[in-house]
Amino acid sequence: MKKTTPFQSRRKLPVFILSLLVSCVEGNDCTETSFYHEPHFTEVLAPCGQRQSSPQPCISEFSTGLGTFFAASPYRQHRNYIYPIPLLNAENPYFYLHDVNAGLYAYKNEHHQLAIGVSYSYLYFDSDETDDIALKELNPRHSTLNADVTYTYLSKWGQTSIKMARDALGYNDGSSWDFSHQYPILHGPWFIAAGAGIHYESQKLTRYYYGISAREAAKTNLPSYHPDSSYSPYLSLDVARKVSRSWTAVLGLQVFFLDHAIKNSPMVDRCCTWTATAGMTYSF
């Protein structure tokens with residue numbers, strides 16, 4: 001595959017994942033569900049300048065760090081995604097920078113936030129990175145930038161978010177919706193946030209990453225495949241521990257259950273997938 005832009009490369013924003021269902025990730029019996037969400041750890045923590053009613057710890061208005069991101073590829077015999085990633089957090093009442101997500105707040109108060117921004121979707125397929133003979137003949141599927149709108153409600157019961165996103169680079173012309181809830185627990189130097197959500201991907205988006213066109217089928221021994229839209233339930237677990245006044249260790253885990261529209265694709269060989277991020281951040 002020829003990588004002509006940075007967005008076609010194999011880089012990803014941190015995504016945080018629960019690994020309590022490792023047997024499912026290995027490809028054992030799973031329910032019919034779907035794939036890939038992009039939460040990030042710094043969204044769960046409340047900036048020091050905003051005293052909210054939720055039991056969230058206070059973090060600096062600016063922090064930076066470095067971590068490692070890992071994601072299991074859903075594609076047959078495809079290399080997994082492993083990268084060093086920046087862990088960034090900068091925020092004020094008007095804008096935010098979370099890792100490689102950035103945007104503006106259209107509205108923000110103690111309980112409600114409405115943000116307009118851009119985010120990077122790392123999922124890609126590269127025929128040079130699979131050992132499956134048939135998949136080597138398929139066209140690439142590129143990572144992309146999304147334009148998104150996110151509404152978040154903060155309360156003592158945690159953080160509830162609704163996110164609408166659309167491909168901004170024209171690779172798939174698809175859209176997605178995401179609904180999630182996380183409940184934070186603060187215990188001494190420890191911060192834990194357990195969450196669950198569901199991720200919807202439009203027919204165009206699902207077909208771009210998991211469909212096989214008639215032209216592709218003609219040059220391989222694979223059948224053509226034209227899936228409909230997909231829905232992805234997922235679970236998440238975010239953990240942070242202050243190790244000094246300025247340094248914090250962070251770990252994010254997430255598991256996704258592939259919808260039948262995805263797991264039935266000839267390109268896919270699993271019913272679940274997962275990702276993990278671990279690193280250190282420094283608060284100023």
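The values are calculated or read from the model by the stated rules, or taken from the named source; none is laboratory data. Nothing here was measured: the structure is a model prediction, and the numbers come from that model. Methodologically, a virtual Cβ is constructed for each residue, glycine included, from the backbone with ideal geometry; neighbour enumeration extends over all protein chains shown. The accessibility values were calculated without ligands, DNA or RNA, using every heavy atom of the protein model including side chains. Shrake-Rupley method; radii C 1.70, N 1.55, O 1.52, S 1.80 Å.
Within segment 230-284, the set of residues being under 16 Å from ASN80 (Cα atoms) and hydroxyl-bearing (Ser, Thr, Tyr) comprises THR273, THR275, THR277. The residue that is farthest from ILE185 (Cα to Cα), counting only those in segment 58-84 that are in contact with a Pro (Cβ under 8 Å, 6 or more places away or on another chain) and modelled with pLDDT under 90, is GLU61. Note on segment 181-230: residues that are among the small types (Gly, Ala, Ser), closer than 27 Å to THR160 by Cβ and open to solvent by 20 Å² or more (accessible area, probe 1.4 Å) total 4.
One residue stands out in segment 246-276 among those that are under 30 Å from LYS136 (Cβ atoms) and among the β-branched types (Val, Ile, Thr): the one that is surrounded by the fewest Cβ atoms within 10 Å (Cβ to Cβ), namely VAL268.
Applying the selection to segment 100-131, what residues are at pLDDT 95 or above, more than 20 Å from ASN80 (Cβ to Cβ) and open to solvent by 50 Å² or more (accessible area, probe 1.4 Å)? Hits for segment 100-131 are LEU104, ALA106, TYR107, HIS111, HIS112, LEU114, ILE116, VAL118.
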